[in-house]
Structures are given as structure tokens and as C-alpha cells.
1. Suppose the filter is surrounded by fewer than 18 Cβ atoms within 10 Å (Cβ to Cβ) and part of a helix (DSSP H, G or I); does residue 176 pass it?
2. Tell me the residue from 103, 91 that is in contact with a helix residue (DSSP H, G or I) (Cβ under 9 Å, 6 or more places away or on another chain) and closer than 30 Å to residue 195 by Cβ, please.
3. When you check residue 34 against the structure, is it without any contact (Cβ under 8 Å) to a residue 60 or more places away in the chain, assigned to a helix (DSSP H, G or I), surrounded by 14 or more Cβ atoms within 10 Å (Cβ to Cβ) and out of contact with any helix residue (DSSP H, G or I) (no Cβ under 8 Å at 6 or more places or on another chain), yes or no?
4. Among the residues that make up region 107-120, is at least one of them over 18 Å from residue 34 (Cα atoms) and surrounded by fewer than 16 Cβ atoms within 10 Å (Cβ to Cβ)?
5. In region 270-295, which residues are surrounded by 14 or more Cβ atoms within 10 Å (Cβ to Cβ), modelled with pLDDT of 75 or more and outside any loop (DSSP other than H, G, I, E, B)?
6. Kindly establish whether residue 64 is exposed (fewer than 14 other Cβ atoms within 10 Å of the Cβ), farther than 25 Å from residue 122 by Cα and modelled with pLDDT of 95 or more.
7. Any chance you could count how many residues in region 10-31 are touching a residue at least 24 places away in the same chain (Cβ under 8 Å) and either crowded, with 18+ Cβ neighbours inside 10 Å or in a loop (DSSP other than H, G, I, E, B) (or both)?
8. Which of (1) surrounded by fewer than 16 Cβ atoms within 10 Å (Cβ to Cβ); (2) at pLDDT 80 or above; (3) assigned to a helix (DSSP H, G or I) is the odd one out, the single condition residue 104 does not satisfy?
């Protein structure tokens, strides 16, 4: 473990990234324990911060922590040590955790922390942890682009070739995202074969790609709908179960019936997001489905 830390983390200049992840995870776990203790009305646990009776959400403290630590990181960028950067990165990670833990409140502009919409916060945390973990393991976005070769090679042909490959990578990623496969597109930016698989496979039925390519092909749209319900159902159930375990379900009754709640919530989410995309130019207000849970165009939050 010590050797791995020395060679792969410190030696590669990734110590600040490690501290960011540790600060992020530690703060997220702490704040989730805290809010659940407050919700359970544990007498000895400090309650909400309410100066003058006004509830100050922890996203406020997260923004302040990110601002202070971010400016400090910029200030020491030229002459600071890796350890200085690591300590500041830990504070930045803690602030980011506080902000993303209330991401749903920012997105919906409502206090949906304990509602089904509040699960968007846990989704945002999952994305942040996944991306940071991949970077920490040495994966790079745009895998086809070797940044070192691009900078060091004097050959103009090599530079042009790498630039073209990077554009191809981004175009394929755009196809995957237009098919509504957010996680596949995200991971594919780090592992190119995943991107290819996502580009070849069927689009999700509510995604822009399906709107453009499947609305005049009913058999393909039907296949996409059937595939979505078949394969998304167990994934959504598992996701909701994990989200409830981490964040707590919306009500105390659902705590006692976690598995049943995950099944019911999964079916409700499938009913909401699994639908055929409207034809191009349609005035329908059905959401595109590119990102589950987004309000329909023209709706208010």
C-alpha cells in the first residue's frame, strides 16, 4: 500500500486528487449521518443552523468552502508544495460534497431533500465519485488523445493526427449522449471501447436520437421501449435501494419496507421516463429522457 501510494499517487502528482476524494467522501458521509440524526430528532445531536429562525442549508457552507479553498489553490499554484495543494483540495472536496448533497434543491429550486426528486443529489455524488476515482487511477478523458505526445512531438503530422482522433472521440461521445446514455458517455470518455458499444447499441426510446431516427420506424422504437423496461428495471431498483440506504427514503414507513419501496419507486420512475420520443418538431411537452427526472420543456419548478 505504501509503495503504491509513493509511486502511483505521490510520484504521479495525484496526492491533491486523493485528498479531494477523501475530503469529499468524508464530508458527504458526515452530512448524511447528520441530517438523518436531525430527522430522527436525536436529542443530543446538534440541530439545523437557524439564525433568527431562518434555516441555512449546508449548500451555503459548501459554496463558501469551495470559494475559499479554490482561491487559495490558485494563489499557491506556482510555489506551493504538493502537500499544501492536497490539504486545500481536501477542503475543496468537502465543500463540493456539501453542495452536491443539496444539488436537487438547486436544480428544482425547492426543498425536495427528502422527496423522490431529492435522489438527484445522490446521482450527482455518484458521478463526482466515479469521475474522481477514474482520474485517480490514471485514466484520462479523451483516451485517444495522448496529451504528452501532443505537446512533445515536433511533427506537425502527429499533432494533426491526435487532434483529429480527439474530434472523432468527441463526436462519438456526442452520439452516445444523444442516445440518452449519460453514464456510458461519461465512462466512455475515459475508456474508449465503452463509447463504441454505446454508439452501436439502440438508443433509449425517449432520447433525442430516437426522436430523430426512430419515430418513422415503429419496430425499432418498440424494441427500444421493450429493451428499456427489461434492462432498466433491475438497475433502477438497485439504484433506488442504494440511494435509500445512503440518503434515507422519503418516509419512516419506507425505511421499514426498503425493498418494497425500491420496487414501487422503480415502477413509478419507469412509467415517468420510458416513453417513445415525439417526432421532430412536435409541440408535445414530453421530456426528452436524456437525463431522467428533468422537468418537461416549458414546465415550471
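The values are calculated or read from the model by the stated rules, or taken from the named source; none is laboratory data. Everything numeric in this text was worked out from a predicted model, so none of it was measured. Positions of Cβ are generated from backbone atoms using ideal geometry, with glycine treated the same way; all protein chains shown enter the neighbour counts.
1. Working: surrounded by fewer than 18 Cβ atoms within 10 Å (Cβ to Cβ): no; part of a helix (DSSP H, G or I): yes.
For residue 176, the condition - surrounded by fewer than 18 Cβ atoms within 10 Å (Cβ to Cβ) and part of a helix (DSSP H, G or I) - is not met.
2. Numbers: 91 fails: closer than 30 Å to residue 195 by Cβ.
That would be 103, the only listed residue that is in contact with a helix residue (DSSP H, G or I) (Cβ under 9 Å, 6 or more places away or on another chain) and closer than 30 Å to residue 195 by Cβ.
3. Working: without any contact (Cβ under 8 Å) to a residue 60 or more places away in the chain: yes; assigned to a helix (DSSP H, G or I): yes; surrounded by 14 or more Cβ atoms within 10 Å (Cβ to Cβ): yes; out of contact with any helix residue (DSSP H, G or I) (no Cβ under 8 Å at 6 or more places or on another chain): yes.
So residue 34 passes the test.
4. Start the filter on region 107-120 by keeping residues that are over 18 Å from residue 34 (Cα atoms), which leaves 107-110, 116-117, 120.
Now drop any that are not surrounded by fewer than 16 Cβ atoms within 10 Å (Cβ to Cβ), which leaves 109-110.
Checked region 107-120: at least one residue is over 18 Å from residue 34 (Cα atoms) and surrounded by fewer than 16 Cβ atoms within 10 Å (Cβ to Cβ).
5. Across region 270-295, the qualifying residue is only 270.
6. Values: exposed (fewer than 14 other Cβ atoms within 10 Å of the Cβ): yes; farther than 25 Å from residue 122 by Cα: no; modelled with pLDDT of 95 or more: yes.
Against the criterion (exposed (fewer than 14 other Cβ atoms within 10 Å of the Cβ), farther than 25 Å from residue 122 by Cα and modelled with pLDDT of 95 or more), residue 64 does not qualify.
7. Step one: filter region 10-31 for residues touching a residue at least 24 places away in the same chain (Cβ under 8 Å), giving 10, 12-28, 31.
In the following step, the residues that additionally are either crowded, with 18+ Cβ neighbours inside 10 Å or in a loop (DSSP other than H, G, I, E, B) (or both) were identified as 12-21, 23-24, 27-28, 31.
Qualifying residue count for the region: 15.
8. Condition not satisfied by residue 104: (1).
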